[in-house]
Amino acid sequence: MKGSRKGDLGWLSWPVVALLLSWLTPVASAAELRPVANIFKPLSAPAESVFEVSLLALLVCAGIFLVVGGLLTYAVIKFRAKPGDDGKEPPQIYGSNQLEMAWTVIPILIVFVLVLVTARTIADVQNAKLPADALKVLVVGHQWWWEIHYPDHGVVTANELHIPVSAREQRRPTALTLESADVIHSFWVPQLAGKTDVVPNRANAMWVEPYATGTYLGNCAEYCGTQHAKMMLRVVVESPEEFAKWIASQKSPAANDPAARAGRALFLKTSCVNCHRVAGTAAVGVFGPDLTRLMTRETIAAGAAPNTPEKLRDWVRNPQSIKPGCLMPDMQLRSDEVDLIVAYLLTLK
Ligand code: CUA
């Protein structure tokens with residue numbers, strides 16, 4: 001009896017200590033394996049507010065963990081069976097009003113503080129007054145890509161959102177209206193702001209205000225079907241001058257390179273035009289991404305592949321090879337037809 005009890009305690013305490021140590025030891029972060037958006041590096045006003053609340057919650061939880069884990073470790077080590085113990089059960093004590101009061105009231109206070117701070121942050125972000133000249137962008141979620149409109153500029157693009165950088169002295173926030181064409185998606189660029197669901201038959205609003213130029217990665221954050229994981233989003237934050245240049249380039253008339261005339265004619269003859277738009281041509285489809293400036297984008301298929309001639313060719317030849325289940329069908333084109341269409345697409349810059 002005595003021996004087995006001692007064995008039980010030893011068996012219990014070391015895994016606990018090992019577990020504590022493993023939690024405290026830093027592990028290789030996923031960021032080393034692939035570039036992912038870092039939620040602990042906010043670079044935009046709403047993301048900073050969210051980060052501060054999460055830090056507070058983390059600190060409070062870490063404090064609780066240390067107190068509970070510390071007491072547990074202390075008790076396990078200090079009161080373990082010792083050689084020469086008589087094996088009798090120690091005195092059993094039941095009930096303590098003070099203790100029960102304390103472990104009821106303290107957690108209630110902690111939860112109350114966290115609820116208040118969170119509510120205040122949500123209200124601050126949602127009710128923020130944006131300057132009247134804030135850039136307005138409409139983002140429409142589709143299975144499985146993002147349609148992006150700049151209503152004040154007449155620009156339409158997909159999957160890569162360009163916005164200007166903001167300065168604390170001269171604010172240039174971007175107001176986003178979020179709509180869905182099919183199912184519920186969720187717009188999430190961790191370094192810019194918290195998640196906002198994109199719901200059919202509803203216009204949700206959010207805003208971002210990045211303080212540094214660069215490309216920010218995001219992803220759909222609500223399971224929306226087969227290719228949910230390949231519904232990525234890139235936000236390119238540029239200086240106001242670069243952004244103005246980008247808007248101007250997107251507005252100029254679509255390319256009509258004579259060298260790609262055959263490919264253009266073929267493209268306009270296939271059912272590509274039922275889903276895709278190229279401004280100034282008979283292609284006016286709206287089910288798929290606007291291709292007017294396809295080659296100004298870094299990726300195709302909502303970030304599933306880099307926008308290189310080889311990948312573009314693979315995509316046109318058989319989209320299902322890059323994104324199985326995607327809604328763009330295999331058009332059963334001959335190899336020479338694929339070449340012609342890709343040659344035309346490559347001129348759309
Ligand atoms: Cu869209 Cu998940």
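The values are calculated or read from the model by the stated rules, or taken from the named source; none is laboratory data. Worth saying up front: this structure is predicted, and the values here are computed from it rather than measured. We place every Cβ from the backbone using ideal geometry, glycine too, and count neighbours over all the protein chains shown.
When Ala175, Ala132, Ala102 are checked against the criterion of being outside any loop (DSSP other than H, G, I, E, B), more than 16 Å from the ligand (Cβ to nearest atom), modelled with pLDDT under 95 and among the small types (Gly, Ala, Ser), Ala102 stands alone in meeting it.
Within the range 197-218, the set of residues being of a type outside the set (A, V, I, L, M), surrounded by fewer than 21 Cβ atoms within 10 Å (Cβ to Cβ) and under 16 Å from Gly141 (Cβ atoms) comprises Asp197, Pro200, Asn201, Arg202, Asn204. Among residues of the range 84-106 that are over 26 Å from Ile64 (Cα atoms), those with a beta-carbon under 9 Å from a residue that is surrounded by 10 or more Cβ atoms within 10 Å (Cβ to Cβ) at least six positions away or on a different chain give the pairs Asp85/Lys2; Asp85/Arg5; Asp85/Lys6; Asp86/Lys2; Gly87/Lys2; Gly87/Arg5; Gly87/Ala81; Pro90/Phe79.
From Gln126, Gln143, Gln170, grab the single residue that is in the same structural domain as Ser49 (by TED's automatic domain parsing) and within 16 Å of the ligand (Cβ to nearest atom). Break it down stepwise before answering.
Working: Gln126 fails: within 16 Å of the ligand (Cβ to nearest atom); Gln170 fails: within 16 Å of the ligand (Cβ to nearest atom).
Of Gln126, Gln143, Gln170, the one residue that is in the same structural domain as Ser49 (by TED's automatic domain parsing) and within 16 Å of the ligand (Cβ to nearest atom) is Gln143.
Kindly check whether there is at least one residue in the range 144-152 that is touching a Lys or Arg at 6+ places or on another chain (Cβ under 7 Å), loosely packed, with under 12 Cβ neighbours inside 10 Å, modelled with pLDDT of 90 or more and not in a strand (DSSP E or B). There is at least one residue in the range 144-152 that is touching a Lys or Arg at 6+ places or on another chain (Cβ under 7 Å), loosely packed, with under 12 Cβ neighbours inside 10 Å, modelled with pLDDT of 90 or more and not in a strand (DSSP E or B). Checking the range 213-226 against the condition returns a match, with at least one residue being assigned by TED's automatic domain parsing to the domain that holds Ser54, more than 17 Å from Ile148 (Cβ to Cβ) and charged (D, E, K, R).
Table: residues versus (1) of a type outside the set (Asp, Glu); (2) outside any loop (DSSP other than H, G, I, E, B); (3) farther than 30 Å from Val125 by Cα.
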site: Cys61; (1), (2), (3): yes, yes, no
site: Ile64; (1), (2), (3): yes, yes, no
site: Ala75; (1), (2), (3): yes, yes, yes
site: Ala81; (1), (2), (3): yes, no, yes
site: Gly87; (1), (2), (3): yes, no, yes
site: Gly95; (1), (2), (3): yes, no, yes
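Out of the range 154-172, which residues are over 29 Å from Thr226 (Cα atoms) and either at pLDDT 95 or above or among the β-branched types (Val, Ile, Thr) (or both)? Don't jump to the end; show me each part of the working.
Keep residues of the range 154-172 that are over 29 Å from Thr226 (Cα atoms), which gives 154-155, 163-172.
Once the filter is applied, which keeps residues that are over 29 Å from Thr226 (Cα atoms) and either at pLDDT 95 or above or among the β-branched types (Val, Ile, Thr) (or both), the range 154-172 yields Val155, Ile163, Pro164, Val165.
Determine whether Val237 is touching a strand residue (DSSP E or B) at 6+ places or on another chain (Cβ under 7 Å), farther than 20 Å from Glu179 by Cβ and crowded, with 19+ Cβ neighbours inside 10 Å. Write out each step before concluding.
Values: touching a strand residue (DSSP E or B) at 6+ places or on another chain (Cβ under 7 Å): yes; farther than 20 Å from Glu179 by Cβ: yes; crowded, with 19+ Cβ neighbours inside 10 Å: yes.
So Val237 fits the description; yes.
Scanning the range 191-205 for residues that are more than 16 Å from the ligand (Cβ to nearest atom) and either in a strand (DSSP E or B) or not assigned by TED's automatic domain parsing to the domain that holds Gln170 (or both) yields a single hit, Ala205.
Within the range 304-325, is there a residue that is assigned to a loop (DSSP other than H, G, I, E, B) and within 22 Å of Val137 (Cβ to Cβ)?
Just the residues of the range 304-325 that are assigned to a loop (DSSP other than H, G, I, E, B), to begin with: 304, 307-308, 318, 322-325.
Checking the rest, the ones that are also within 22 Å of Val137 (Cβ to Cβ) come to 307.
Yes, the range 304-325 contains at least one residue that is assigned to a loop (DSSP other than H, G, I, E, B) and within 22 Å of Val137 (Cβ to Cβ).
Applying the condition of being closer than 14 Å to Ala45 by Cα, in contact with a strand residue (DSSP E or B) (Cβ under 9 Å, 6 or more places away or on another chain) and of a type in the set (S, T, N, Q) to the range 158-175 and asking which residue is surrounded by the fewest Cβ atoms within 10 Å (Cβ to Cβ) yields Ser166.
Scoring Pro253 on the criteria (1) surrounded by fewer than 17 Cβ atoms within 10 Å (Cβ to Cβ); (2) over 21 Å from Met295 (Cα atoms) leaves a single failure, condition (2). Scanning the range 178-190 for residues that are modelled with pLDDT of 95 or more and away from the ligand (no atom under 11 Å from the Cβ) gives Leu178, Glu179.
Is one or more of the residues making up the range 268-284 in contact with a strand residue (DSSP E or B) (Cβ under 7 Å, 6 or more places away or on another chain), more than 28 Å from Thr215 (Cβ to Cβ) and assigned to a loop (DSSP other than H, G, I, E, B)? Yes, the conditions are met somewhere in the range 268-284.
Number of residues in the range 215-234 that are touching an Asp or Glu at 6+ places or on another chain (Cβ under 9 Å) and more than 16 Å from the ligand (Cβ to nearest atom): the value is 1. Set side by side, the residues Ala248, Ala254, Ala229, Ala259 differ, and just one is at pLDDT below 95, among the hydrophobic types (A, V, I, L, M, F, W, C) and farther than 30 Å from Gly280 by Cβ, which is Ala229.
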